[in-house]
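Right, one structure below, let's go through it.
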Amino acid sequence: MARRFIRHFWFASLWGLLLSCSKPGSEPAPVAAFPAVPANFPSMPAFPDNPTTKDGVALGRKLFFDTRLSGNNQISCATCHRPEKAFSDGMVFSNAGITGTPLHRHTPSLMNMAWMNSGLFWDGGSTNLESQAFAPLAAADEMHQNLAELMAELKNVPEYVRLFSEVFPQGISQANVVKALAQFQRSLISAGSRYDKYVRKEAGGVLSAAELRGMEIVRQKCQGCHAGELFTDNGYHNNGLDEHFDAGPLEGLYLGRGRITYLPEDEGKYKTPTLRNLAFTAPYMHDGRFADLRTVLNQYSEGTRSSATLDERLKPAPGISGIPLTAGEKDDILAFLQTLSDSTFINSFN
């Protein structure tokens with residue numbers, strides 16, 4: 001567990017050191033209203049250390065899909081974060097890394113990342129997209145890249161030399177690679193679903209009676225965690241998947257948020273994923289244990305397991321755990337969740 005904490009701390013420290021080496025006032029000015037914030041979304045947080053620009057996003061996109069970023073030049077970020085699956089990968093645990101060894105957490109989707117301001121990874125082990133990028137780049141079972149060698153490789157590509165110089169006055173550097181990747185990920189905004197058109201009163205925004213009933217049920221029974229237009233509170237919760245949280249041999253992996261905070265009250269808590277584009281992101285939960293959404297609803301209504309850190313919202317009455325749902329309510333919720341699918345977002349990278 002200590003090794004994992006040290007690794008998270010090392011990545012965060014590396015990002016801080018690289019950022020401090022940048023020349024004050026040398027970063028590009030942000031492009032006004034880019035990326036555009038959907039009318040039904042909250043305002044986008046500011047990123048003064050890495051303002052989003054169109055050229056920065058274009059550079060980050062090129063890097064995201066470039067296999068040069070891996071040690072064997074065969075794996076890109078998009079190998080595990082596939083656009084057609086809302087930037088998840090459809091696997092329980094990815095084994096697409098250099099060693100072929102399965103990872104121990106389900107690949108999360110990437111959308112509306114600009115609003116993810118309370119930590120990244122399932123346990124919140126990284127504070128921002130810039131520091132987060134170092135982990136998969138360097139991890140032995142993921143991209144296993146030597147960052148110094150990557151810089152040398154990129155500097156031998158004239159197109160990258162030009163693109164970096166146009167975005168960052170300092171040119172190619174480790175800090176600027178992760179800055180560009182972060183800018184691209186912050187541009188991944190999904191807000192074109194039928195639900196979005198409904199709340200914005202746009203053409204095509206028609207919901208059926210079942211979908212409207214499902215929307216109200218979600219608002220009444222699920223919005224404590226899946227809050228607002230982002231359909232996540234960006235918080236960490238124990239949603240009743242397990243009763244016990246053994247640190248085990250994997251550096252405290254099964255402690256959830258507790259492996260980062262070292263607080264017993266955080267054991268078994270994981271980051272709330274968005275409900276958007278769930279049709280594309282199966283299987284579900286931090287460990288991919290559920291193959292379909294009906295099984296997820298059955299878990300909440302009949303399979304919630306009690307423990308010391310179980311979220312209070314899953315304790316509706318003394319001795320009762322979970323979210324009571326009838327068969328009809330489950331059908332309506334499933335109907336509504338389909339309205340959160342954004343085919344424009346999914347198909348924009350084809």
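The values are calculated or read from the model by the stated rules, or taken from the named source; none is laboratory data. Please read all numbers here as calculations on a predicted model, not as lab measurements. Because the Cβ atoms are built from the backbone with ideal geometry, glycine has one as well, and the counts that use them run over all protein chains shown.
Brief remarks on what is shown
- In segment 296-313, the residues that are farther than 17 Å from residue 256 by Cβ form Cβ pairs under 7 Å with partners that are part of a helix (DSSP H, G or I), at six or more places apart or across chains, as follows: 297/330; 297/333.
- Residue satisfying all of: in segment 309-350; among the charged types (D, E, K, R), closer than 30 Å to residue 87 by Cα and not in a loop (DSSP other than H, G, I, E, B); modelled with the lowest pLDDT among these: 313
- Count of segment 252-306 residues which are assigned to a helix (DSSP H, G or I), within 15 Å of the chain's Cα centre (by Cα) and surrounded by fewer than 20 Cβ atoms within 10 Å (Cβ to Cβ): 0
- The condition of being among the charged types (D, E, K, R) and within 22 Å of residue 274 (Cα to Cα) holds for only one of 85, 155, that being 85.
- Hey, residue 177 among the aliphatic types (A, V, I, L, M) and surrounded by fewer than 16 Cβ atoms within 10 Å (Cβ to Cβ) or not: no
- Sole residue being touching a Ser or Thr at 6+ places or on another chain (Cβ under 9 Å), of a type outside the set (Asp, Glu) and not assigned by TED's automatic domain parsing to the domain that holds residue 80, chosen from 255, 275: 275
- Beta carbons closer than 7 Å, at least 6 apart along the sequence or on distinct chains, pair a first residue in segment 260-278 that is on the phi < 0 side of the Ramachandran plot with a second that is among the basic types (Lys, Arg) and buried (at least 20 other Cβ atoms within 10 Å of the Cβ) for 266/257; 269/257; 270/257.
- Consider segment 98-123 and keep the residues that are free of Cβ contacts under 8 Å to residues at least 60 places away in the same chain and surrounded by fewer than 21 Cβ atoms within 10 Å (Cβ to Cβ). The one that is nearest to residue 142 (Cα to Cα) is 98.
- Enumeration of residues in segment 140-164 that are surrounded by fewer than 16 Cβ atoms within 10 Å (Cβ to Cβ) and not in a helix (DSSP H, G or I): 140, 146, 156, 157
- Candidate set: segment 317-331, residues that are of a type outside the set (Gly, Ala, Ser) and closer than 24 Å to residue 212 by Cα; chosen: the one surrounded by the most Cβ atoms within 10 Å (Cβ to Cβ): 323
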